[in-house]
1. Need the list of aspartates and glutamates near LYS47 for cross-linking: C-alpha distance under 19 angstrom, and skip anything on the same chain fewer than eight residues off.
2. Suppose only helical runs count, i.e. DSSP H with n ≥ 4. What mean residue ellipticity at 222 nm does that imply for the chain under -39500 (n - 2.57) per run, divided by all residues and rounded to the nearest 500 deg cm²/dmol?
3. Looking at the range 1-86, which chymotrypsin sites (Phe, Trp or Tyr not before Pro) are in a loop (DSSP not H, G, I, E or B) and have at most 13 other Cβ atoms within 10 Å?
4. Given the pairs LYS44/LYS121; LYS54/LYS99; LYS26/LYS108, which are separated by over 28 angstrom at their Cα positions?
5. Between the range 72-112 and the range 16-31, what's the alpha-carbon centroid distance in Å?
6. Work through the residues other than VAL92 whose Cβ is under 12 Å from its Cβ and net out their charges, Lys, Arg +1 and Asp, Glu -1.
7. Calculate one ³J(HN,Hα) per residue across the range 54-60 by plugging θ = phi - 60° into the Karplus curve 6.51 cos²θ - 1.76 cosθ + 1.60, and present them in order as whole Hz with x for glycine and proline.
8. Dipole of the chain, Cα-centred, from +1 at each Lys and Arg C-beta and -1 at each Asp and Glu C-beta, to the nearest 20 debye?
Amino acid sequence: MIGIVIVTHARLGDALIEASEFILQKRPEAVVSVSININENADKLRKKVSEGIKTVRQKEGVLILTDMFGGTPSNLSYSFLEEGRVEVISGVNLPILVKAVNSRERMKLGGFAECLESEGKKSITLASGILKGNKRS
């Protein structure tokens with residue numbers, strides 16, 4: 001199983017875990033949230049991310065999900081990238097997390113991360129376009 005660390009501004013990661021628990025009807029195993037306060041010292045924040053990784057570390061690797069590309073959570077998380085061991089996806093949303101929890105035992109980390117990136121992009125839709133008959137990609 002691949003461990004999952006959600007690194008976000010404020011407590012967004014906690015809310016995503018809570019929502020996924022409601023949808024899946026179970027507490028996701030080996031999933032933790034690291035809340036980032038941008039007013040904290042960068043070394044202290046890196047330590048929080050490192051501790052999150054240690055908490056969920058699995059032999060199959062760890063996936064870090066961050067809230068937005070270029071934000072402090074993402075920038076801190078990129079320093080933990082380790083090919084085949086730690087991967088980072090920016091732009092986490094609830095569909096990505098639910099898919100991650102449900103499919104992380106069937107794939108290797110690299111392919112798993114690519115699949116989740118695609119899933120996240122597909123989960124974004126413009127409702128008025130659908131109502132007008134535009135196809136979802």
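1. The qualifying aspartates and glutamates are ASP14, ASP67, GLU82, GLU87.
2. So the helix-based figure for the chain works out to -14000 deg cm²/dmol.
3. Passing both the DSSP loop test and the Cβ count: PHE69.
4. Correct reply: LYS44/LYS121.
5. Centre-to-centre distance over Cα atoms comes out at 16 Å.
6. Taking every other residue near VAL92 into account, the sum is -2.
7. Coupling constants for the range 54-60: 4, 5, 9, 3, 10, 5, 7 Hz.
8. So the magnitude is around 300 debye.
We did not get these values from a lab; they are worked out from the coordinates using the rules stated. What you see is a predicted model, and the numbers here were worked out from it, not measured in a lab. Cβ: placed from backbone, ideal geometry, glycine included. Neighbour counts: every protein chain shown.
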